[in-house]
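The values are calculated or read from the model by the stated rules, or taken from the named source; none is laboratory data. These numbers come from a predicted model, not from an experiment. Quick reminder, even Gly has a Cβ in these numbers, built from the backbone with ideal geometry, and neighbours come from all protein chains shown. What goes into the accessible areas is simple: the full protein's heavy atoms, side chains included, and nothing from ligands, DNA or RNA. Shrake-Rupley method; radii C 1.70, N 1.55, O 1.52, S 1.80 Å.
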Amino acid sequence: MPVDTSPRPSPTLMAHAVRALAMDAVQQAKSGHPGAPMGMAEMAVALWSRHLRHNPANPRWADRDRFVLSNGHASMLLYALLHLSGYDLAMSELRNFRQLHSKTPGHPEVDVTPGVETTTGPLGQGIANAVGMALAEKLLAAEFNRPGHAVVDHHTYVFLGDGCLMEGLSHEACALAGAWKLNKLVALYDDNGISIDGQVRPWYVDDVAGRFKAYGWQVVGPVDGHDVEAVDRALAQAKGSAAQPTLVICRTTIGKGSPNRAGTAKAHGEPLGDDEIRLTREALGWPHEPFVVPEQAYAAWDARAAGSSAEAGWNEKLAAYRSAHPELAAELVRRLKGELPAGFAQTAVDAVVAAHAKGETVATRKASQVALEAFTKALPELLGGSADLTGSNLTNTSHTPALRFDDAGAPNGGRHINYGVREFGMAAIMNGVALHGGFIPYGGTFLTFSDYSRNAIRMAALMKRRVIHVFTHDSIGLGEDGPTHQSVEHAAALRLIPGLDVWRPADGAETTIAWTMALGNAHRPSALLLSRQNLPYAPKAALDDIAKGAYVLAEPAEVGLKKKAQAVIIATGSEVQLAMHAQAELAQRGIAVRVVSMPSTTVFDRQDVKYKKVVLPAGLPRVVVEAGVTDGWWKYGCAAVVGIDSYGESAPAGALFKHFHLTADNVVATVRKVLSK
């Protein structure tokens, strides 16, 4: 193979182009973070011009390397790189930094800016997403690559700073990366010693190298982060790792080039100011006006030809793979597109009908496992897991053996991940898996621990990614573990997250339909809230309307009262049985009520007005019963809500429901009181 002996473009010119664009855009916006982009400019030159495989003409090329800016406040670094290397990001967008509807928001957002792989800003989540991406790459490569056909073969690169490493999430995710031997994960640590409050030494004394070596990572450096050749050599060493992720420690100066602000907190989170920018231009020898980049710099950064060639080469590989392994190729393409197999709709119908026909009394966490037994068989892309609660969450099936890696880092084909006690890490890693493509991740823990996961759940909703959270032990019904583990506010809190579908099913059919809806929605995360205790099956005349989030479960005639309903009882999950018992007791008193099961308020809220009026007719008083806080229910025009506005207690479940007046008798009394008014 001929050696390219042509001189490399000036790394200084390339780095200064990034610095200039960063300080100009932040100054024009009158807000932002110029210091980190200016300090990481040479790191970016080394990675983006010498190692990163990407195609600006096709930001979604399947086998591209992934780049994650975990320290997302440095967004102008990424925007400058995308603009300079040839992505569809015009200079006008850089001028419009941080403005309404621009492609250059304050922090990078996936699907807003071409070339952005994930939404970052909440520190630590980017590195955790990157762990998920690297895991997905490794598992897909093991599943689909064949001798002579390496169609899945790319790296995941991350820039991160002190803030990411201070966040506990980075510990959770990076420990797992070491355990999983993710050798194609390369993190470059911008070690500049500065955060918003100043020099970090008084509050950040971690031995970062020792910490990552303990995780099982290869650690390179410290290297001079302003020496492109040194960073280049470190990256080459990282790419040679056989069974370890790599951390490259890059010593840098924040705000590099600014005569008066370099190395200070003043460079971190505010514009440099017109005078300091003028002095910086002089110090850098950058004579150009704001937002003007010389053609030599554009030519040096231009990645379009190399990117087009790299993708064309991969397309040839894929064609050869398709010829040799047509079924595997078709399956890989399907999964990377995020499409469910053609026969899945029938699989879903069969699973729902089977649950309905069986009609058994069962905990909804067990009903979930029964549904998963069918779905994990039909969907090889389902990648499950649990935060050290597999036997309680029941997230494993006979088709999902535990994922393990041998000493060389090769996976065993398992599809159920033991995340350990790392709820936040699990949630953020699942986001990365979903962002990468090829898998649908789901993971379990107790509902009360959704608080640990919450910010990552919010990010999945913001990014519109299909991630499924299995939250079991959903109420005081878990019993003796007490108020630390008994959720009362969590269902309501999760329902507040825009774009998250929350399901609290009452029986096997509702649980199975919740799963089918979660799997079928490629642009929303879902949370399934499931019971520890057994729940009776609620007889149903039909199943179709369950998917609409709420439906009429029982009319007065079904308990022998042939008169129009005088009220509606709305219930979710384990309290549906209370509503049914209350309906029967009220019928004996000549009071006719309709029972509405509402497994998903979030889905029901998206239905048209006509359907909502059919389920909840105007003029009928509404009473809700749910073992949780009452605040979220008043939007339905309820006359009363039977719930719990305090913490639970440690006692058997039956005693707790009586203690908190979550009984059929209390529902009856509440309905009668409402009607008496």
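Overview of values
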quantity: Candidate set from the range 427-459 (those that are of a type outside the set (Phe, Trp, Tyr), closer than 19 Å to CYS164 by Cα and without any contact (Cβ under 8 Å) to a residue 60 or more places away in the chain); member that is surrounded by the fewest Cβ atoms within 10 Å (Cβ to Cβ); calculated: ARG454
quantity: Conditions (1) open to solvent by less than 10 Å² (accessible area, probe 1.4 Å); (2) of a type in the set (Asp, Glu); (3) without any contact (Cβ under 8 Å) to a residue 60 or more places away in the chain; number of the one not met by ASP190; calculated: (3)
quantity: The lone exception for TRP61 - which of (1) open to solvent by less than 40 Å² (accessible area, probe 1.4 Å); (2) of a type outside the set (Lys, Arg); (3) in a helix (DSSP H, G or I) it fails; calculated: (3)
quantity: Only listed residue being within 33 Å of the chain's Cα centre (by Cα) and assigned to a helix (DSSP H, G or I), chosen from LYS612, LYS658; calculated: LYS612
quantity: Any hit, the range 261-277, residues being in contact with a helix residue (DSSP H, G or I) (Cβ under 7 Å, 6 or more places away or on another chain), charged (D, E, K, R), more than 23 Å from LEU84 (Cα to Cα) and outside any helix (DSSP H, G or I); calculated: yes
quantity: Sole exception among (1) of a type in the set (Phe, Trp, Tyr); (2) in contact with a helix residue (DSSP H, G or I) (Cβ under 8 Å, 6 or more places away or on another chain); (3) under 21 Å from ARG19 (Cβ atoms) for TYR87, by number; calculated: (2)
quantity: Residue in the range 317-338 that is part of a loop (DSSP other than H, G, I, E, B), touching a strand residue (DSSP E or B) at 6+ places or on another chain (Cβ under 8 Å), farther than 30 Å from GLU93 by Cβ and modelled with pLDDT of 95 or more present; calculated: yes
quantity: Which listed residue is in a loop (DSSP other than H, G, I, E, B) and crowded, with 17+ Cβ neighbours inside 10 Å, from PRO122, PRO202; calculated: PRO122
quantity: Residue check, VAL219 over 30 Å from GLY285 (Cβ atoms), within 30 Å of the chain's Cα centre (by Cα) and among the aliphatic types (A, V, I, L, M); calculated: yes
quantity: Qualifying residue in the range 197-215 (condition: under 30 Å from LEU13 (Cα atoms) and out of contact with any Ser or Thr (no Cβ under 6 Å at 6 or more places or on another chain)); calculated: yes
quantity: Residue that is most open to solvent (accessible area, probe 1.4 Å), among those in the range 205-229 that are within 14 Å of LEU165 (Cα to Cα) and among the aromatic types (Phe, Trp, Tyr); calculated: TYR215
quantity: Number of positions in the range 14-58 that are surrounded by fewer than 19 Cβ atoms within 10 Å (Cβ to Cβ) and either closer than 17 Å to GLU229 by Cβ or hydroxyl-bearing (Ser, Thr, Tyr) (or both); calculated: 3
quantity: Which numbered condition PHE97 fails, given (1) open to solvent by 10 Å² or more (accessible area, probe 1.4 Å); (2) assigned to a loop (DSSP other than H, G, I, E, B); calculated: (1)
quantity: Residues of the range 633-677 that turn out to be hydroxyl-bearing (Ser, Thr, Tyr) and open to solvent by less than 30 Å² (accessible area, probe 1.4 Å), as a count; calculated: 2
quantity: Qualifying residue in the range 620-628 (condition: of a type outside the set (A, V, I, L, M), at pLDDT 95 or above and out of contact with any strand residue (DSSP E or B) (no Cβ under 9 Å at 6 or more places or on another chain)); calculated: yes
quantity: Residue in the range 397-426 that is farthest from ILE457 (Cα to Cα), counting only those that are surrounded by fewer than 18 Cβ atoms within 10 Å (Cβ to Cβ) and among the charged types (D, E, K, R); calculated: ASP407
quantity: Hits in the range 584-601 (condition: in a loop (DSSP other than H, G, I, E, B) and either surrounded by 23 or more Cβ atoms within 10 Å (Cβ to Cβ) or on the phi > 0 side of the Ramachandran plot (or both)); calculated: GLY590, MET598, PRO599, SER600
quantity: Flag if TYR87 is part of a helix (DSSP H, G or I) and of a type in the set (Ser, Thr, Tyr); calculated: no
quantity: Residue satisfying all of: in the range 274-325; among the charged types (D, E, K, R), without any contact (Cβ under 8 Å) to a residue 40 or more places away in the chain and surrounded by fewer than 17 Cβ atoms within 10 Å (Cβ to Cβ); farthest from GLY257 (Cα to Cα) among these; calculated: GLU316
quantity: Test for PHE159: is it under 30 Å from PRO326 (Cβ atoms) and among the aromatic types (Phe, Trp, Tyr); calculated: no
quantity: Options ALA579, ALA669, ALA655: the member that is in contact (Cβ under 8 Å) with a residue 24 or more places away in the chain and either touching a Leu at 6+ places or on another chain (Cβ under 9 Å) or of a type outside the set (D, E, K, R) (or both); calculated: ALA579
quantity: For ASP232: the one exception among (1) open to solvent by less than 60 Å² (accessible area, probe 1.4 Å); (2) acidic (Asp, Glu); (3) within 31 Å of the chain's Cα centre (by Cα); calculated: (3)
quantity: Checking SER487 against (1) open to solvent by 10 Å² or more (accessible area, probe 1.4 Å); (2) in contact (Cβ under 8 Å) with a residue 60 or more places away in the chain, the condition it does not meet; calculated: (1)
quantity: Enumeration of residues in the range 173-199 that are closer than 24 Å to ALA41 by Cα and not in a loop (DSSP other than H, G, I, E, B); calculated: LEU185, VAL186, ALA187, LEU188, TYR189, ASP190, ASP191, ILE194, SER195, GLY198, GLN199
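Every residue, every condition in (1) among the acidic types (Asp, Glu); (2) open to solvent by 50 Å² or more (accessible area, probe 1.4 Å), yes or no:
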position	(1), (2)
LEU89	no, no
HIS107	no, yes
VAL116	no, no
ALA130	no, no
GLU143	yes, yes
ALA150	no, no
VAL158	no, no
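Each row is one residue, and each column tells you yes or no for (1) open to solvent by 10 Å² or more (accessible area, probe 1.4 Å); (2) in contact with a helix residue (DSSP H, G or I) (Cβ under 9 Å, 6 or more places away or on another chain); (3) within 20 Å of VAL593 (Cβ to Cβ).
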| residue | (1), (2), (3) |
| --- | --- |
| ALA527 | no, yes, no |
| LEU543 | yes, yes, no |
| ALA550 | no, yes, yes |
| ALA554 | no, yes, yes |
| GLY560 | yes, yes, yes |
| VAL568 | no, yes, yes |
| GLU575 | no, yes, yes |
| ALA579 | no, yes, yes |
